[in-house]
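Data block below; observations after.
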Amino acid sequence: MHDIHINNSFTDALPQDPITENYTRQVTGAAYSLAQPLVFKNAQVIHVSELAQELGFTDDEVQSLAFKNIVTGQEFPDGVAPYAMAYAGHQFGNWAGQLGDGRAINLFEMLQHDQRWALQLKGAGPTPYSRSGDGLAVLRSSIREHLCSEAMHHLGIPTTRSLSLSLSGNQVLRDMLYDGNAAHEKGAIVCRVAPSFIRFGNFEWAAAQGNPEYLKQLTDYTIKTFYSHITTTGKEAYLQFFKEVTARTLDTIIHWQRVGFVHGVMNTDNMSILGLTIDYGPYGWLEPYDHGWTPNTTDRQNKRYRYGAQPEIVYGTYYNWQMHCMN
């Protein structure tokens, strides 16, 4: 395996949860909590995207045990301490309080050709933010996320990426049709990749706790690391940051509208601070044109996140974010 240039800016800059045990709880005053992936003795990589080459992995490395162990959470480079991010959010217009990475575990950040990439596993086990969930994922939804992430990228739409899709080797109990008939399905792990997985909800969480010091830390870190062209300071810098996040996100929504993509769950915890498409849950594309269509079966009655409402919802998302964080 080539020498991976680890550069963990998020964990280096922001406060860690002092409790290191991985159990479900309310977390205060921290940006993240440590969370070790489960052991999957029979894990198997079933597809690797071309993103591997962009990250500097050779064909031989992709076929190696070391690569499999990284993308299934079994082994990491020296100095890596996997973690789950803390964030909150508005869900379907209502304040939901603490949410966080319930089934996503961040591995590390790496630098490749002056580009920062954060690697994250979805479906590798529970975290302190899992609530009543098991932190696992099934193959059918993991295939959808793996394929759609890369399809959106090649359609020219800002998005998180997917490096690999793996079978965990475990069975996962899920009620696919939400009708009370749960059944076991093949478990899977997606290795997601993005410059950062910070969401609107990270900022809302800091503000909701009445922690202006941490809110400032998070905002300053985000500007310095991902909006470094902002050279003003103080209030002007924060206003410019807000305007640029707005512009990036609106650009992404315009791309969604042009291809008929419907996200399905535009809650503030599912909105990237970098304007990326993130969290591929009940997404879909229009077939016949339908202004009121949503792929989300839990949203069929109110259709809050229907295709035609996506630009309007973004406005409301900004309003919630602004009310929590910018005043």
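The values are calculated or read from the model by the stated rules, or taken from the named source; none is laboratory data. Please read these numbers as outputs of a predicted model, since none were measured by experiment. Here the Cβ is made from the backbone with ideal geometry for all residues, glycine too, and neighbour counts use every protein chain on show.
Structure above, values below:
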quantity: Every pair of residues 6+ apart whose Cβ atoms lie under 9 Å, when the first sits in the stretch 298-309 and is more than 21 Å from residue 253 (Cα to Cα) and not assigned by TED's automatic domain parsing to the domain that holds residue 90 while the second is in a helix (DSSP H, G or I) and β-branched (Val, Ile, Thr); calculated: none
quantity: Check on residue 233, at pLDDT 95 or above and in the same structural domain as residue 267 (by TED's automatic domain parsing); calculated: no
quantity: Enumeration of residues in the stretch 14-29 that are farther than 19 Å from residue 208 by Cβ and aliphatic (A, V, I, L, M); calculated: 19
quantity: Within the stretch 250-293, considering residues that are in contact with a helix residue (DSSP H, G or I) (Cβ under 6 Å, 6 or more places away or on another chain) and of a type in the set (Ser, Thr, Tyr), the one nearest to residue 200 (Cα to Cα); calculated: 268
quantity: Single residue of 24, 20 found to be out of contact with any Leu (no Cβ under 9 Å at 6 or more places or on another chain) and either assigned by TED's automatic domain parsing to the domain that holds residue 131 or among the small types (Gly, Ala, Ser) (or both); calculated: 24
quantity: Some residue of the stretch 282-290 being under 22 Å from residue 94 (Cα atoms), touching a residue at least 12 places away in the same chain (Cβ under 8 Å), in a loop (DSSP other than H, G, I, E, B) and hydrophobic (A, V, I, L, M, F, W, C); calculated: no
